[in-house]
Every structure is written in C-alpha cells, then in structure tokens.
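The values are calculated or read from the model by the stated rules, or taken from the named source; none is laboratory data. Keep in mind that what you see is a predicted model, and the values were worked out from it rather than measured. Because the Cβ atoms are built from the backbone with ideal geometry, glycine has one as well, and the counts that use them run over all protein chains shown. Side chains included, ligands, DNA and RNA excluded: accessible areas come from the protein's heavy atoms. Shrake-Rupley method; radii C 1.70, N 1.55, O 1.52, S 1.80 Å.
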Amino acid sequence: MLSPIHHTFGPHVTVAYLLQSLKQLCLFWNWKNGKERDWLRETLAQWFEARCSLFSSGREALLVLLRNLPIDQGSEIIVQGFTCIALPNAIHAAGFTPVFSEADPNTLNLDIEALEGKINSRTKVIIVQHTFGIVADMQSLRTLADKHGLLLIEDCAHVLPDTTGPKRIGVHGDFLMLSFGRDKAASGVSGGAIITKNTSVADLLKKEEEAASELSFITIKRLLLYPFIYAVSKPLYGLIVGKCLLVAASKCGALVAVITKKEKEGYQSTEVHRMPAALCALVRWEFKRFQAINDHRRALSKIYAAAAAKHSWNFPSGIQEHLPLQKFPILVPDADQVRMKLKRHNIHLDDGWTGASVCPRAVNQEAAGYIPGTCPKAQRLSGQILTLPTHPTMKQSQAHQLIGILAKII
Ligand SMILES: Cc1ncc(COP(=O)(O)O)c(C=O)c1O
C-alpha cells in the first residue's frame, strides 16, 4: 500500500481542495483582507444567531475570549483531563489557572460527578470539549453551571452541527469556540472563531479583532502550501521519497507546526492575529460540501461501530448513533503497540491524542498545569485509545482494509 491510511497527512486535501488552495495561493493580493473574511463572520453569525469574531487559530480565539471575560485574574477554569495543550496554554496566557477534571471513559468528555467536586469559590468558567465529536451532556452541564454561577464555553474544535446533526451543540454554552485547523470539522488549514449572544463580550472581541495584527505574507504562504506539500508527498509515503519530502518541507520551514516546541513547554504568546481572508475562502469552500463531509464521517463511524460489535472491540458506550465523529475511538490494552504494528502496513494512527492527559505526549504536563495522577481515568484512557479515521480523504475501502488488519492484530 503506497498511499497511507492516516489521521494527519492532509486529511481534507482532496484534489478539489488542493485546487482551491492553489487558487488562493495565486490570488496573493487577497490573502490578508477581503470580503471572504466578512462573508465567514456573517455566515457564522447567521448560522448560530449570535455575534462572531475570527482569529488565526482556535487557541488565539480562546485566549481573546478568556481575557475579555468579566472575571478576576487568578480565577480557576475547569477543563477535562485528556485534552489538548491549546486549552491550558490559552488559560495561562490569559492570566488564569487551569484545573483538570476527570474524563468519563464512556464519553471521553467531562465526568459530571467528578466535575462538581472541583468547583470552589475561585472557579469561574467550565470549558466543555465535545471530544472527537461525541456530544457532551450539555443539559446537565448547563444546570451545574447555573447552580454555581459559572460561565460555560463549548469547545467545538472537533465538531460542527449540520442539518441532521447533534442539536445540542452550540445551544447551551455562553460561548462557542470553533477551530478551522487542518484536521478539524471544516478546514481552512488554520483559523478560529468565537460565537456568542453576550453583547458586551462580543463588543470587546470585535475591538480585539480589529486591533489584531495580520499574519505575515510568508506565514500565509506556508499555510496555503500545506495542501500542496501533502498532496505531493502522501501518495509516495509508502516509499522513502514521500517521507523525505515531508521531512525536508518541515526542516526548510515550508510547513507551519501544528504545535510548537514552546507550546509543548506550556507557553502561548499573548499576541493574536486576524484570520487571513485566503483561509476564510477555503472554509467557505468547505462549507459547500460540509453536509457531505459529515455524512461521510457518519458512514465511516457506522462501519467502525459494526466492526467493533462484530469483533468485540471495546469502544465508549456513550457514542450516540448518527454523530459525524471526527474520528472513531476504540479502547485496547496497549494502543501504542497496536499503532506500531499498523505502521508496518503503512497505517499511521498517531493523531497526537495518545499517551498523556494533556496531549500530545511530548507536552510538559507540569508546565501545562496538570499534576500527574490527579485524573487517573483520563491518564488510563490516553494509553488505551486508538482512533480510526473518518476524515474526507479516508475511503470506505480503506476503512474495511484497516478493520481487516486490526482484526488480526487486536
Ligand atoms: C479540543 C481542542 N480545542 C482547541 C484546539 C485549538 O484549535 P487550533 O488548532 O485551531 O488552535 C484544539 C486543537 O488542536 C483541540 O483539539
């Protein structure tokens, strides 16, 4: 198999996506400003019937939101164990303290009982993460937040609702954070948004967006080159050539790192940027096929769920049917070993969500504010989780191939 099965090698990069990104690459005079940015902001505002601000990534959007909330410096913000470093970093950069609460292995989301035990007089916000698109129990979380007078942020980095989709997303939270990163629900390679009906905070975010700097031409060019680099190297990944191309692209700085070394050490800059119009144009194009993307994710999730039932693979029982999962999680005793064996078949399932409570595993856990041992269930999960791809370039035939190989390994 020359072309790999993967999570992270340009998961949205179909031929049509590649052509769109090349088109944007040519329209260099429109890269920064332009009507595409206004279009995306207004479309999201109409979609969620709320106000919207755009930034150059989800983590920047979250940082701007947090520092404009009406809460005191040093307040505590609860996030779940088994999360992405982007969350604690944004919390620290905004001057607050992240508090990690236990994850529920049945949903990969916040364990609501454990969460209540973490709330004290310093707690001001809960960030809910719909992990891999598994919808959190928003009704219970809203009730709990109201009981304690807390703000509720929905981190929708892994899922966006569609017409047939989960209706409970984006309804109960005070704020929604979206990400348009390269492997997210809809991808502009990078980008993020905050959506809210809270007009006083929305006014502050609008000012922040207006005052934010533009990304440099060189950074925008690197982001727009990402689809091209993966489109060229992916089909050759089974040969050494593809791997060498990617390493060379990364070493010569043609690729923008998803998470930098500094971020892994717990640092996020307080400077934020506006979302480039060229990336907004890519998201606009993705929205045209968004229902099809989500239906594709549903179809693959159904195939994996049937295989898991047939082969008695353990998977989180809270996965509701018809969810457009960003990836389908199964739980195995030693996920690293399975991933290692899969590599021999040119199957690369390390998506960064493995081996640590605050992901990826190279993160300095203490610097992220996580005290090892405080979320044992989340830590155990991170060692057992093996996610199966549902992204737009993962074919159904590849899913069956993967299942066949897994059936022999597990
Ligand atoms: C759950 C979650 N929230 C937030 C983010 C941050 O999004 P972005 O990559 O757009 O900064 C990520 C990113 O990887 C994520 O997985």
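Please find, within the range 181-203, the residue that is nearest to the ligand (Cβ to nearest atom) out of those that are open to solvent by less than 10 Å² (accessible area, probe 1.4 Å), touching a helix residue (DSSP H, G or I) at 6+ places or on another chain (Cβ under 7 Å) and over 18 Å from His130 (Cα atoms).
Gly191
Counting only residues that are open to solvent by 70 Å² or more (accessible area, probe 1.4 Å) and assigned to a loop (DSSP other than H, G, I, E, B), which one in the range 365-379 is farthest from Pro333 (Cα to Cα)?
Only one residue tops the list, namely Glu366.
On the basis of being assigned to a strand (DSSP E or B) and either closer than 29 Å to Tyr17 by Cα or within 16 Å of the ligand (Cβ to nearest atom) (or both), does Phe287 make the cut?
The answer is no for Phe287.
Of the residues Leu54, Leu69, Leu65, which single one is more than 16 Å from the ligand (Cβ to nearest atom), within 19 Å of Glu209 (Cα to Cα) and touching a residue at least 12 places away in the same chain (Cβ under 8 Å)?
The unique qualifying residue is Leu69.
The conditions are (1) in a loop (DSSP other than H, G, I, E, B); (2) open to solvent by less than 40 Å² (accessible area, probe 1.4 Å); (3) not aliphatic (A, V, I, L, M), and Glu271 fails exactly one of them. Which is it?
Unmet condition: (2).
Going residue by residue through the range 204-219, is there one that turns out to be away from the ligand (no atom under 16 Å from the Cβ), farther than 29 Å from Asn68 by Cβ and surrounded by fewer than 23 Cβ atoms within 10 Å (Cβ to Cβ)?
Taking every residue of the range 204-219 in turn, at least one turns out to be away from the ligand (no atom under 16 Å from the Cβ), farther than 29 Å from Asn68 by Cβ and surrounded by fewer than 23 Cβ atoms within 10 Å (Cβ to Cβ).
Within the range 26-35, which residues are open to solvent by 40 Å² or more (accessible area, probe 1.4 Å) and not basic (Lys, Arg)?
Result: Cys26, Leu27, Phe28, Trp29, Asn30, Asn33.
For the range 299-333, how many residues meet the condition of being part of a strand (DSSP E or B), hydrophobic (A, V, I, L, M, F, W, C) and in contact with a Phe, Trp or Tyr (Cβ under 6 Å, 6 or more places away or on another chain)?
So the count comes out to 2.
Being assigned to a helix (DSSP H, G or I), hydrophobic (A, V, I, L, M, F, W, C) and open to solvent by 10 Å² or more (accessible area, probe 1.4 Å) is the filter here, so list the residues in the range 88-107 that pass it.
Within the range 88-107, just Ala93 meets the criteria.
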